[in-house]
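This report concerns only the one structure given below.
The values are calculated or read from the model by the stated rules, or taken from the named source; none is laboratory data. Everything quoted here is computed from the prediction, not taken from an experiment. Every residue, glycine among them, receives a Cβ derived from its backbone with ideal geometry; neighbour counts consider all protein chains shown.
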Amino acid sequence: MEAEKNGYENIIVQTYSARDEEILPAQVDFIFCIFVQRGLLTACFSSQKELLTIRYSGYATDKVVWDGVFFNNMILNDPLLAEPEKVKAVFVLSDKNMVVPNELYKESHAKVWLKQIHYIETEDTIEVFPAEADRAMYIMAMPLLIKNLINNNFRNAEIKPLAIYQFKKPLKVGLCLQCCVSSEQVVATMHVDGNLLWHKIFDYSAAEDIVFEGKYLCKENNYFATRLTILFNTLTGGEFNILSDYSTYYPAVKTGEGNRIHDSWDASLSLLQQLLSCV
């Protein structure tokens with residue numbers, strides 16, 4: 001991890017490379033991006049869907065949450081994004097969301113419900129996505145400026161919620177908690193025997209905040225937290241310390257793909273493989 005300065009601001013950059021040599025744009029065939037609060041991740045793959053490199057850029061929490069200038073500069077100045085037609089998907093992390101069962105879903109009603117739960121700004125747009133495994137619709141509000149920036153720069157890309165992978169193939173293993181942790185937020189979904197029980201995106205400052213949410217939910221629903229199967233992904237290697245702290249409470253925690261965690265990037269690589277399956 002390193003601090004870097006560009007024309008916009010001091011930013012934090014993290015990079016991962018699957019190869020020792022420098023990855024050239026010509027070697028990249030497939031790209032997807034992840035937009036989170038104050039950060040942008042770019043993941044590049046070969047034509048065989050082999051992960052080549054990851055680049056994450058983020059800025060300080062004392063700045064506005066969704067700064068269009070920052071995101072636009074990152075897109076324009078990243079040589080890996082010089083051929084925008086290679087970007088096939090963009091995932092967005094938004095805490096303004098709601099899951100509605102298919103039998104209750106009506107688009108106009110759902111948008112009203114979302115506005116009653118979350119503060120939806122006039123500059124936001126509401127998007128709807130199928131969560132087929134749970135026979136539900138995932139409703140998400142995101143800044144219109146971010147949607148327009150994506151559509152203007154990545155015309156071949158689908159926009160999807162970052163959380164969508166947690167609804168793709170829920171494990172039928174009793175209590176299963178899936179977490180994805182960025183530098184500021186947690187995407188958390190719990191299934192019971194493959195049936196959706198709970199979904200929430202929340203801010204955190206320490207691993208204990210994540211532990212508390214899971215234990216409180218179990219207590220509310222009369223489940224034993226010790227029986228949780230926990231699948232833990234991270235956005236980058238920078239969240240490895242949070243994962244390490246969390247594992248002191250749940251030593252059996254594994255990546256979202258169910259593998260043991262040895263390296264600081266293991267949980268991030270797991271996230272990217274699960275997102276790749278959603279494209």
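At-a-glance table
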{"quantity": "Selection within the range 136-154 - more than 14 Å from I75 (Cα to Cα) and either β-branched (V, I, T) or modelled with pLDDT under 95 (or both)", "calculated": "I139"}
{"quantity": "All positions within the range 77-99 that are more than 20 Å from the chain's Cα centre (by Cα) and more than 15 Å from I31 (Cα to Cα)", "calculated": "N77"}
{"quantity": "Number of positions in the range 39-58 that are surrounded by 20 or more Cβ atoms within 10 Å (Cβ to Cβ) and either closer than 19 Å to A18 by Cβ or of a type outside the set (A, V, I, L, M) (or both)", "calculated": "12"}
{"quantity": "Checking S277 against (1) farther than 24 Å from Y138 by Cβ; (2) small (G, A, S); (3) loosely packed, with under 14 Cβ neighbours inside 10 Å, the condition it does not meet", "calculated": "(1)"}
{"quantity": "Single residue of the range 158-173 satisfying the filter (in a loop (DSSP other than H, G, I, E, B) and in contact (Cβ under 8 Å) with a residue 24 or more places away in the chain) that is surrounded by the fewest Cβ atoms within 10 Å (Cβ to Cβ)", "calculated": "K169"}
{"quantity": "Positions within the range 174-224 being loosely packed, with under 14 Cβ neighbours inside 10 Å and either part of a strand (DSSP E or B) or among the β-branched types (V, I, T) (or both), in sequence order", "calculated": "N195, F202, D203"}
{"quantity": "Meets criteria (in contact with a His (Cβ under 6 Å, 6 or more places away or on another chain) and closer than 28 Å to Q14 by Cα) for T234", "calculated": "no"}
{"quantity": "Any hit, the range 202-223, residues being small (G, A, S), within 30 Å of L81 (Cα to Cα) and touching a residue at least 12 places away in the same chain (Cβ under 8 Å)", "calculated": "no"}
{"quantity": "Where a residue in the range 240-267 is closer than 13 Å to C179 by Cα and its partner, wherever it lies, is surrounded by 18 or more Cβ atoms within 10 Å (Cβ to Cβ) and of a type in the set (D, E, K, R), with Cβ under 6 Å and at least six apart", "calculated": "T255/D266"}
{"quantity": "K111 being more than 20 Å from the chain's Cα centre (by Cα) and part of a helix (DSSP H, G or I)", "calculated": "yes"}
{"quantity": "Count of residues meeting criterion [assigned to a helix (DSSP H, G or I) and closer than 21 Å to P84 by Cβ] in the range 120-157", "calculated": "10"}
